[in-house]
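Everything on this sheet refers to the single structure shown next.
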Amino acid sequence: MKISLKSCRIESGASVKDIVDYVGVNENTVYNWENGSVPSAVNMQKLLEFYSSKGFTVTLDDINFLPKK
């Protein structure tokens, strides 16, 4: 089953600010990703590293990038 980036954040116990600080983007960018925008390859790698550092294992294949309806 695919998981959204918002669900990844919530299930890992991270806040939007945690992601902003780790990845180096602004809050609006994180919210855009959570609503269907696709991060660049560099930022996606940072996100995967961030979730891994939180003990939340997720791969690119696990993530649903389709916008919410």
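The values are calculated or read from the model by the stated rules, or taken from the named source; none is laboratory data. Bear in mind the structure is a predicted one, so any value in this text is a computation, not a measurement. For neighbour counting, all protein chains shown are included, and Cβ atoms are generated from backbone atoms with ideal geometry for every residue, glycine included. Side chains included, ligands, DNA and RNA excluded: accessible areas come from the protein's heavy atoms. Shrake-Rupley method; radii C 1.70, N 1.55, O 1.52, S 1.80 Å.
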For a quick check: with amide H placed at 1.01 Å from N, whose amide H comes under 5 Å from Ile63's, ignoring anything fewer than 5 positions away on the same chain? Ile3
Spelling out what I want: for every residue of the stretch 9-19, take phi, set θ = phi - 60°, compute 6.51 cos²θ - 1.76 cosθ + 1.60 (Karplus), and round to whole Hz; glycine and proline get x. 4, 5, 5, 7, x, 8, 9, 4, 4, 4, 5
Need one value: the accessible area of Ser15 in square angstrom, 1.4 angstrom probe, rounded to the nearest 10. 50
Quickly work out the Ser7-to-Asp61 label distance, labels modelled 7 Å from Cα along the C-beta direction, and quote it in nm with one decimal. 1.7
Report ³J(HN,Hα) in whole Hz for each residue of the stretch 29-35, in order, from the Karplus equation J = 6.51 cos²θ - 1.76 cosθ + 1.60 where θ = phi - 60°; Gly and Pro get x. 5, 4, 4, 4, 4, 5, 10
Computed over the chain, the convex hull of the Cα set has an average projected area, in nm², of 4.2
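Given contacts defined as C-alpha pairs under 8 Å and at least six residues apart, what's the relative contact order of the chain, whole-number percent?
Values: 59 pairs, mean separation 32.9, N = 69.
Answer for the chain is 48 percent.
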